[in-house]
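The values are calculated or read from the model by the stated rules, or taken from the named source; none is laboratory data. Since the model is a prediction, treat every value here as computed from it, not as a measurement. Backbone-built Cβ (ideal geometry, glycine too); neighbour counts: all protein chains shown. Ligands, DNA and RNA are excluded from the accessible area calculation, which covers all protein heavy atoms including side chains. Shrake-Rupley method; radii C 1.70, N 1.55, O 1.52, S 1.80 Å.
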Amino acid sequence: KTNLAGVSTFVRRTGTGPPMVLLHGPGAHGGEWQRVVPELARDWSVVVPDLPGQGESTVDGRIDAPLVLDWLDALIAETCDAPPVLVGHLVGGAIAARYAAENRRPLASLVLVVPFGLSDFDPAPAFGAALNAYLEAPSGERHDDLWRQCVRDLDGLRTTMGAQWERLRAYNLDLVRTPAVAAGMRALMAEFGMPAIPPDVLGRIAMQTSLIWGSDDAIVPVSVGRAASRRYGWPLTVIPDAANEPAIEQPEAFLKALAS
């Protein structure tokens, strides 16, 4: 762990080469990227933190947007010896976009993976019900009900990942039962997940930016990505047979999209 802007931060680092920073989604942790990190580490120095208040990164006090953006700035200063590729998923994508718009320090490029913040978040009733049930009384069954809203084929994913899935599931349940982690997720969603980032802010993003989406995402529909691609000129890659977790569902296709 290292202290970054007042956040006791758990950071995974692996590989050699130019830096790449991966920011995960809400209620998750850096292990979200486990299916793509080994391959990325062949060519990149990969930096995978737990977001403030998530995983094993702890915060004393309130989590708000200025704290999180200061934290990301300190993370990049501490871990990157050159401008990094900054990759963000869901709330991590909204954080990455807000940070890039501030132009605090150079980035090699920005990759937004089904990010929040490109439109107001208006979840489908089925997703909202599954999420609320999981947060109110976490259980293995409710965890899986939620993930059925997040991925295209949960049964197939469980078979493919095997023991790796069971470890991920157990850790997710441990985390959501931790009051500080649940509170951190709500804070991140309130600051970065629910509201749309104003278009004039997104318009200040000056570096190369690209979008990656799952074709069957019912949580952040691909129509949101297509609209942003048209408006800002950001290339969009749509990954078939994936929903809201393309790096987990289709890691080979995700890596190809990331490299393009």
Checklist line | Conditions (1) among the small types (Gly, Ala, Ser); (2) farther than 21 Å from SER57 by Cβ; (3) outside any helix (DSSP H, G or I); number of the one not met by GLY128 | finding: (3)
Margin query: Against the definition (exposed (fewer than 14 other Cβ atoms within 10 Å of the Cβ) and touching a helix residue (DSSP H, G or I) at 6+ places or on another chain (Cβ under 6 Å)), how does ARG167 come out, yes or no?
Written below: no
Check: Which ones in segment 28-55 are under 24 Å from GLU166 (Cβ atoms) and open to solvent by 30 Å² or more (accessible area, probe 1.4 Å)?
Finding: GLN34, ARG35, PRO38, GLU39
Next item on the list: Please work out which one of (1) farther than 24 Å from PRO123 by Cβ; (2) surrounded by fewer than 20 Cβ atoms within 10 Å (Cβ to Cβ) is the condition ARG231 fails and give its number.
Entry: (1)
Note to self: Take the conditions over 16 Å from the mean Cα position of the chain (by Cα), assigned to a helix (DSSP H, G or I) and either surrounded by fewer than 20 Cβ atoms within 10 Å (Cβ to Cβ) or not charged (D, E, K, R) (or both) and apply them to ARG186. Does it pass?
What the structure shows: no
Check: Which of the residues that make up segment 71-100 are within 19 Å of GLN34 (Cβ to Cβ) and in a helix (DSSP H, G or I)?
Finding: THR79, VAL91, GLY92, GLY93
Checklist line | Within segment 114-130, tally of residues that are under 30 Å from VAL201 (Cα atoms), in contact with a helix residue (DSSP H, G or I) (Cβ under 6 Å, 6 or more places away or on another chain) and surrounded by 20 or more Cβ atoms within 10 Å (Cβ to Cβ) | finding: 4
Check: Do you know which residues across segment 56-70 are in a loop (DSSP other than H, G, I, E, B) and surrounded by fewer than 19 Cβ atoms within 10 Å (Cβ to Cβ)?
Finding: GLU56, ASP60, GLY61, ARG62, ASP64
Next item on the list: Please go through segment 189-210 and pick out each residue that is buried (at least 17 other Cβ atoms within 10 Å of the Cβ) and either of a type outside the set (Asp, Glu) or farther than 19 Å from ALA28 by Cα (or both).
Entry: MET189, PHE192, GLY193, ILE197, LEU202, ILE205, THR209, SER210
Notebook entry, point to check: Condition test on VAL48, is it free of Cβ contacts under 8 Å to residues at least 60 places away in the same chain, within 14 Å of the chain's Cα centre (by Cα), under 20 Å from ILE212 (Cβ atoms) and not in a loop (DSSP other than H, G, I, E, B)?
Noted result: yes
Margin query: Just to be sure before I move on: is LEU90 within 23 Å of THR209 (Cα to Cα), touching a helix residue (DSSP H, G or I) at 6+ places or on another chain (Cβ under 6 Å) and either of a type in the set (Asp, Glu) or buried (at least 17 other Cβ atoms within 10 Å of the Cβ) (or both) in the structure I sent?
Written below: no
Margin query: For the condition under 16 Å from GLU245 (Cβ atoms) and surrounded by fewer than 21 Cβ atoms within 10 Å (Cβ to Cβ), what is the one hit in ARG177, ARG104, ARG148?
Written below: ARG148
Margin query: Looking at the structure I just gave you, is TRP213 part of a helix (DSSP H, G or I) and open to solvent by less than 50 Å² (accessible area, probe 1.4 Å)?
Written below: no
